[in-house]
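This report concerns only the one structure given below.
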Amino acid sequence: MEFTPERKAKFDEILKRYPVKRSAILPALHLAQEQEGWLSKETIQYVASLLELTPAQVHDTASYYVMFRFQPFGERHIEVCTNLSCSLYGADELVEHACKKLGVQEGERSADGKFTVTRVECLAACGGGAAVQVNGEWLENCTIADLDRVLAGEHVHRKFDWPQSAGTPVLLRNAFKKDSTSIETFKAGGGYSKLGEWLKMSPDDIIEQVKKSNLRGRGGAGFPTGLKWSFLPKDNPKPRYLVVNADESEPGTYKDRLILENDPHQLIEACIVSTHALRSKTCYIYIRGEFWEGIRTMERAVREAYAAGYLGQNILGTGIDVDVFVHGGAGAYECGEETALIESLEGKRGQPRIKPPFPAVVGLYGCPTIVNNVETISCVPLILERGPEWFAAQGTEKNGGPKLYCISGHVKRPGTYETGMGKVTLRELIYDEKYAGGIRDGHKLKAVIPGGSSTPMLTPDELDIPMDFDGLAKAGSMLGSAGTIIIDDSTSMVFVARKLTYFYKHESCGKCTPCREGTGWMLRLLEKLERGLGQMKDLDLLWKICDSISGKTVCPFGDAAIAPVQSGLKKFRPEFEYYVRNKGSWTRVAKTFEEALAKEGQGQTVGAS
Amino acid sequence: MPKFTIDGKELEVAAGTTVIQAASAAGIDIPHFCWHPDLPVDGNCRMCLVEVEKAPKLQIACNTQVTEGMVVHTSSPKAAEAHRTTLELLLINHPIDCPVCDQAGECYLQDQYMDHGLHDAQVEIEHKVHKRKVANLGPIMLDAERCVLCSRCLRFEREVTGTNLLEFKNRGNRTEITTFDGGPITHEYAGNLADVCPVGALLSHDFRFKMRVWFLEQTESVCGGCSTGCNTWIDARDGEVQRIRPRRNVEVNKSWICDPGRMLYKQFHVPERLTGARAKRGANWEGVALEAAIDELAAKLGEAGSASAFVATPQASNEDLFAFKALAEAQGGQLDFRVGNPQDKLHVRIDEVLQRADRNPNTQGCIDLGMGKDGVDAILVACRAGAVKALVLQGPELLRAAEAADAIAKVPFVAVMATHEEPALALAHLVLPAALWVEADGTYTNYQRRVQRAKKAVPAPGDAKPRFELALGLLRRRGHALAVVSARDLFVTLAKSVPDYTNLDYKALGFGGRALATAPERAGASAPAGA
């Protein structure tokens, strides 16, 4: 196997983006898979020879990522997100339908070689669930009828119709304009007009302004951005890197995608000025591989920016050089963790590093590195343009700036809404007409995952809290990446716990023992419960496994992974106990859990012997 | 030099020392799987969690550097509970097949279960994740189900050999160790993979199903395979060596040895071993008692006087060499050891890991003891001239040298000390059976000029004797008896007369050896002030 001349030329161009050949491993494998349809032994050997690696090194990396296939697939790969939000919108039925219609198992190629259907984990299309991708292209709000059209050979492309935010959004000021991705549209809205000015500012001044703005990381941890930047060592002669984390994968979160797909130049301008602020010359934007469309949009925008002189050498005559490279991942939630992302960018399995050292000191290629989320970096030009005081005033104390809130699940108007950080309460976000507009008709709210699947669940009496880092911490949960998932009374909390635990088990990188083994064990116990084989002692065991994982893992994934089970058991234990008593789910006998309990009181159960 | 407290003990350690290193040096055992003293820290097993006062959560001892005033508890209730639960998690997918596993008896999982686990299994066998078993990787047998995914083997392949033949496949709890497409391990350090594996996932193909390890007796030794002088353990049962393993010495071989060295034991107990002396009677060989053979050689030496020559072997220990040299000197004969000029290859590496081109363990000892006196060529010239009446070979090297054959043929009496039968011995008139390096106490000086001690691990077969004993017997018969009874005495005696060895004894050597100044260092030391 060899690359076609066009792909070889593309590969050679990609290779120039990295100081270390191995970094090109994911792009090379993507190119190879695009050409061959899958990665055969010979293809792995070919890629290894191009990168001067052993085949074992390439396969070690390749087999870590779910987007790579090691057997032939159908011409059209239908991927259905069956994570929580999408499954609330009927995604599991889509998979069953497609498989039944094709007469195949999941992952199996149809007899005519045309289709392969697989489940995928959260695609960051939670509002547009059930989300499907066909050969990487979006088919959001997918119905069985849509799927039938695809299976009939039609090309169906549909993106979620994002509702617009009330007021005057800032981060989303361009996102819904016509031709929002083009450089002209961005410039017409004032984009790049102050770039030259900002590049003349001293890096320290910019960092000082970012510190003053109270900007905190939007990726989940909420760490003050200016403080993080100031951890770069002053006397290290090595090059520095800015890495933008666009690996948006936290179930419930679909905000960075909006910037990547609808307003790429906003991010590029932010990358240029931030790279300068860090005294760096190189910025990598690491975009999750599933964002096939986002990657292409960003790549096109980067080319436009180079052509316009906003990227490259001596930008706008300032003497400042900045390169921005788009790097696509290949399917691994863990790569959202900053050290795992760095490993992945270096061409390795996306597994976290032990800390210390922290990336600011020893990061990409062993050099000082700052990793920031897309939304975080996008805030930097706003701080410079409107001043840190303005920025800080958009939010609450210690929580500066505008914020993108994602909401999905059983609400009337799922979407990604911009407002000031903490200027909305969880209750308003769910019920206010400006936001999600309340729970779908005929149902009552049961549970809220406030900030993405890794954040402990809240109950309907815990909603009067400001949606900022401190507000949610006070409520015993986390703002995380602000991916709110709403669960109404039709849904079993054991199902919720199982869905999310399946996700964590599927995405656990496998590096450290507690997470690798614990997530699988929890899933086994939850499945046992759903099959009606659970025992009361299993509930205690689940609780203990959470303890065995909590605080003992290499990265925060372990604590994230236990959130659904731990908070589920804490707040919804009667539902788990019902499963034990009645050998299975209450959804078989009733529309709500309360109804099921009442029926149980009258002796009406299914499965009880 | 921070001071800290660990389990109530106050210790002072070098800056940068990690808690697990400090504990290990102080004899405090912190359970672990992935940490290995000679591999980079990876911190993945989470077994070494310890409680550090004032830290919000448990810390891994392998990646926590000691700081001034730190207080560490390795078995507080919190730490002990973490050890117990981590072990439980490691075992949920493990097949628990100790009865058929070769690792049993030297398995971290087994040992730590006894020390820290002792829980009842809560997972049924049929619910475990199944992976590849009984995979033949050439020198290594792989059982992926027993693997704890500690990555020691991968780190070994990456950092030590640079071969990168092993990989992790898949992720999460489906991760398994394998080679690309199941291919074999093709480098000469494969045995170390089985050594670094803390469990029964990577096992030595050679040792497979051979023996339970608790029947083995371990003896400290030094490899006789090349001038590197790797420190080894000789594992034997009932006088027979069953395997050779590396013995850690940071200065020499860290925790590794090469496969050729590991396999040397295969030549120990073979039919070709010489177990008795023999003498040529006309065209035929006749078996003779060892004492009678020594008597005969002593008589020939008596007749030859200074018309004798001695060729030492760099295979021999310093003790062997010293006694042999004493014999040559008593006799007034010529002496050398440089058949094939091994000293030229003393420092030449044949790979980037351990092996050196000089396949003798003691060329440096020969140099230090002054065995290179007259030159092999000069000896051969003398032989050809008929000036050598008795030639004593400490090993068979000269007999193998085709260019020496005509010279040897001119010598009326050639005696050779040898360990194995070989065709070249036909050129000799008397063959004395010699013990191997594992069958005698002795010291060897490696390429770094490090004097290291090997202990007798198994008895020599039949009449075979250490070369120094053969030489001492000859000296006694020639009236030059040395006042020594053991290898230890010989070492003390030789240390007094060899430059730089002065004052060395077994105690000073220990089992890690003692480095002597190398030639350039000595030159530097004698350089004039201000140079």
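The values are calculated or read from the model by the stated rules, or taken from the named source; none is laboratory data. What you see is a predicted model, and the numbers here were worked out from it, not measured in a lab. Using ideal geometry, Cβ is built from the backbone for each residue, glycine included, and neighbour counts are taken over all protein chains shown. Only protein heavy atoms, including side chains, enter the accessible area calculation; ligands, DNA and RNA are left aside. Shrake-Rupley method; radii C 1.70, N 1.55, O 1.52, S 1.80 Å.
Considering each residue of the stretch A:52-65, count those that are surrounded by fewer than 21 Cβ atoms within 10 Å (Cβ to Cβ) and of a type in the set (A, V, I, L, M), and give that number.
Total meeting the criteria: 1.
Considering only the stretch A:366-399, how many residues are of a type in the set (Ser, Thr, Tyr), more than 24 Å from A:Glu346 (Cα to Cα) and touching a Ser or Thr at 6+ places or on another chain (Cβ under 7 Å)?
At the first step, the residues of the stretch A:366-399 found to be of a type in the set (Ser, Thr, Tyr) are A:369, A:376, A:378, A:396.
Restricting the remaining residues to those that are more than 24 Å from A:Glu346 (Cα to Cα) gives A:378, A:396.
Narrowing further to those that are touching a Ser or Thr at 6+ places or on another chain (Cβ under 7 Å): none.
Qualifying residue count for the region: 0.
Could you list all residues from the stretch A:205-246 that are under 28 Å from A:Arg300 (Cα atoms), part of a loop (DSSP other than H, G, I, E, B) and open to solvent by less than 10 Å² (accessible area, probe 1.4 Å)?
Passing the criteria: only A:Arg218.
Which residues, counting only those in the stretch A:555-609, are touching an Asp or Glu at 6+ places or on another chain (Cβ under 8 Å), assigned to a helix (DSSP H, G or I) and open to solvent by 40 Å² or more (accessible area, probe 1.4 Å)?
Within the stretch A:555-609, A:Arg581, A:Glu594 qualify.
Taking the stretch A:73-129 only, how many residues are of a type in the set (Val, Ile, Thr) and open to solvent by less than 10 Å² (accessible area, probe 1.4 Å)?
Just the residues of the stretch A:73-129 that are of a type in the set (Val, Ile, Thr), to begin with: A:78, A:80, A:82, A:95, A:104, A:116-118, A:120.
Retained after the next criterion (residues that are open to solvent by less than 10 Å² (accessible area, probe 1.4 Å)): A:78, A:80, A:82, A:95, A:116-117.
Within the stretch A:73-129, residues that are of a type in the set (Val, Ile, Thr) and open to solvent by less than 10 Å² (accessible area, probe 1.4 Å) number 6.
Could you list, ordered by first residue, the pairs with Cβ atoms under 6 Å in which the first is in the stretch B:363-375 and at pLDDT 95 or above and the second is β-branched (Val, Ile, Thr), at least 6 apart or interchain?
Close Cβ pairs (under 6 Å, with a partner that is β-branched (Val, Ile, Thr)) amount to B:Gln364/B:Thr445; B:Gly365/B:Thr445; B:Asp368/B:Thr445; B:Asp368/B:Val498; B:Leu369/B:Val498.
One residue is enough: does the stretch B:221-240 have a residue meeting the conditions more than 20 Å from B:Pro461 (Cα to Cα) and free of Cβ contacts under 8 Å to residues at least 12 places away in the same chain?
Checked the stretch B:221-240: no residue is more than 20 Å from B:Pro461 (Cα to Cα) and free of Cβ contacts under 8 Å to residues at least 12 places away in the same chain.
Looking for something touching a helix residue (DSSP H, G or I) at 6+ places or on another chain (Cβ under 6 Å) and over 30 Å from A:Gly331 (Cα atoms) - is there at least one such residue anywhere in the stretch A:515-533?
No, the stretch A:515-533 contains no residue that is touching a helix residue (DSSP H, G or I) at 6+ places or on another chain (Cβ under 6 Å) and over 30 Å from A:Gly331 (Cα atoms).
Please work out if B:Ala298 is at pLDDT below 95 and aliphatic (A, V, I, L, M).
Details: at pLDDT below 95: no; aliphatic (A, V, I, L, M): yes.
In short, no.
Need a quick list: strands (runs of 3 or more DSSP E) entirely within the stretch B:376-463 having at least 2 residues that are over 23 Å from B:Trp285 (Cα atoms). Explain how you work it out, then say what you get.
Working: elements: B:390-393, B:413-418, B:430-433, B:442-445, B:450-454.
Output list reads B:442-445, B:450-454.
Pick from the stretch A:492-505 the residues that are open to solvent by 10 Å² or more (accessible area, probe 1.4 Å) and not charged (D, E, K, R): which of them is farthest from the other protein chains (Cβ to nearest Cβ)? Working first, answer last.
Narrowing the stretch A:492-505 to residues open to solvent by 10 Å² or more (accessible area, probe 1.4 Å): A:495, A:498-499, A:502, A:505.
Okay, now just the ones that are also not charged (D, E, K, R), so A:495, A:502.
Details: A:Phe495: 21, A:Tyr502: 11 Å.
Among those residues, the one meeting the criterion is A:Phe495.
For residues in the stretch A:316-334 being aliphatic (A, V, I, L, M) and in contact with a His (Cβ under 9 Å, 6 or more places away or on another chain), which is farthest from the other protein chains (Cβ to nearest Cβ)? Quick ask: steps written out before the conclusion?
Taking the stretch A:316-334 as the starting set, the residues that turn out to be aliphatic (A, V, I, L, M) are A:316, A:320, A:322, A:324, A:326, A:330, A:332.
Now narrow it down to the ones that are in contact with a His (Cβ under 9 Å, 6 or more places away or on another chain): A:320, A:322, A:330.
Numbers: A:Ile320: 37, A:Val322: 34, A:Ala330: 12 Å.
Among those residues, the one meeting the criterion is A:Ile320.
Under the condition of being in contact with a helix residue (DSSP H, G or I) (Cβ under 7 Å, 6 or more places away or on another chain) and open to solvent by 40 Å² or more (accessible area, probe 1.4 Å), which residue from the stretch A:23-37 is farthest from A:Ile287 (Cα to Cα)?
Among residues in the stretch A:23-37 that are in contact with a helix residue (DSSP H, G or I) (Cβ under 7 Å, 6 or more places away or on another chain) and open to solvent by 40 Å² or more (accessible area, probe 1.4 Å), the one farthest from A:Ile287 (Cα to Cα) is A:Glu36.
For the stretch B:118-190, which strands (runs of 3 or more DSSP E) that fit wholly inside it have 3 or more residues that are open to solvent by less than 30 Å² (accessible area, probe 1.4 Å), more than 13 Å from chain A (Cβ to nearest Cβ) and in contact with a helix residue (DSSP H, G or I) (Cβ under 7 Å, 6 or more places away or on another chain)? Let's see the steps before the verdict.
Values: elements: B:135-137, B:140-142, B:166-169, B:176-179.
Result: empty, no element qualifies.
A:Ser508 - would you say it is under 22 Å from the mean Cα position of the chain (by Cα), open to solvent by less than 10 Å² (accessible area, probe 1.4 Å) and either more than 11 Å from chain B (Cβ to nearest Cβ) or at pLDDT 95 or above (or both)?
On the way: under 22 Å from the mean Cα position of the chain (by Cα): yes; open to solvent by less than 10 Å² (accessible area, probe 1.4 Å): yes; either more than 11 Å from chain B (Cβ to nearest Cβ) or at pLDDT 95 or above (or both): yes.
When the stated conditions are applied, A:Ser508 passes them.
Condition first: away from chain B (no Cβ under 14 Å) and of a type in the set (S, T, N, Q). Can you find one or more residues in the stretch A:58-68 that meet it?
First pass over the stretch A:58-68, keeping only residues away from chain B (no Cβ under 14 Å): none.
There is no residue in the stretch A:58-68 that is away from chain B (no Cβ under 14 Å) and of a type in the set (S, T, N, Q).
Condition check ((1) part of a helix (DSSP H, G or I); (2) of a type in the set (S, T, N, Q); (3) assigned by TED's automatic domain parsing to the domain that holds A:Leu195) across all residues:
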{"residue": "A:Thr297", "(1), (2), (3)": "yes, yes, yes"}
{"residue": "A:Ala305", "(1), (2), (3)": "yes, no, yes"}
{"residue": "A:Ile320", "(1), (2), (3)": "no, no, yes"}
{"residue": "A:Phe325", "(1), (2), (3)": "no, no, yes"}
{"residue": "A:Cys335", "(1), (2), (3)": "yes, no, yes"}
{"residue": "A:Ile342", "(1), (2), (3)": "yes, no, yes"}
{"residue": "A:Ala360", "(1), (2), (3)": "no, no, yes"}
{"residue": "A:Cys379", "(1), (2), (3)": "yes, no, yes"}
{"residue": "A:Trp390", "(1), (2), (3)": "yes, no, yes"}
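Anything in the stretch B:286-300 that is within 21 Å of B:Arg467 (Cβ to Cβ) and either outside the structural domain of B:Leu470 (by TED's automatic domain parsing) or open to solvent by 40 Å² or more (accessible area, probe 1.4 Å) (or both)? List them, or say none.
B:Gly287, B:Ala289, B:Glu291, B:Ala292, B:Asp295, B:Glu296, B:Ala299, B:Lys300
This table checks each residue for (1) under 27 Å from B:Asn249 (Cα atoms); (2) away from chain A (no Cβ under 11 Å).
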site: B:Pro40; (1), (2): yes, no
site: B:Val50; (1), (2): no, yes
site: B:Cys62; (1), (2): yes, no
site: B:Gln65; (1), (2): yes, no
site: B:Glu68; (1), (2): no, yes
site: B:Val72; (1), (2): no, yes
site: B:Lys78; (1), (2): no, no
site: B:Ala82; (1), (2): no, no
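When both residues are 6+ apart or on different chains and their Cβ atoms are under 7 Å apart, which pairs have a first residue that lies in the stretch A:534-554 and is within 11 Å of another protein chain (Cβ to nearest Cβ), and a second that is open to solvent by 30 Å² or more (accessible area, probe 1.4 Å) and among the polar types (S, T, N, Q)?
What qualifies is A:Leu541/B:Gln122; A:Cys546/A:Gln566.
Which residues, taken from the stretch B:1-49, are open to solvent by 70 Å² or more (accessible area, probe 1.4 Å), within 26 Å of the chain's Cα centre (by Cα) and not small (Gly, Ala, Ser)?
Listed by number, the residues that qualify are B:Gln21, B:Asp29.
If the Cβ limit is 8 Å and pairs must be 6+ apart or interchain, which residue in the stretch A:348-370 that is within 13 Å of chain B (Cβ to nearest Cβ) and over 23 Å from A:Ala330 (Cβ atoms) pairs with which residue that is part of a strand (DSSP E or B) and among the β-branched types (Val, Ile, Thr)?
Close Cβ pairs satisfying both conditions: A:Ile354/B:Ile60.
Quick check on my filter: what residues within the stretch B:144-186 are without any contact (Cβ under 8 Å) to a residue 60 or more places away in the chain and on the phi > 0 side of the Ramachandran plot? Spell out how you get there, then give the answer.
Within the stretch B:144-186, the first condition is being without any contact (Cβ under 8 Å) to a residue 60 or more places away in the chain, and the residues that meet it are B:144-147, B:153-154, B:157-158, B:163-172, B:174-186.
Matches in the stretch B:144-186: B:Asn164, B:Asn170, B:Gly172, B:Asp181, B:Gly182.
Of all residues in the stretch B:301-328, which are open to solvent by less than 40 Å² (accessible area, probe 1.4 Å), part of a loop (DSSP other than H, G, I, E, B) and either at pLDDT below 95 or on the phi < 0 side of the Ramachandran plot (or both)?
B:Ala307, B:Ala312, B:Thr313, B:Pro314, B:Ala316, B:Ser317
So B:Asp102 passes all but one of these: (1) surrounded by 20 or more Cβ atoms within 10 Å (Cβ to Cβ); (2) over 23 Å from B:Phe207 (Cβ atoms). Which condition number does it fail?
Result: B:Asp102 passes all but (2).
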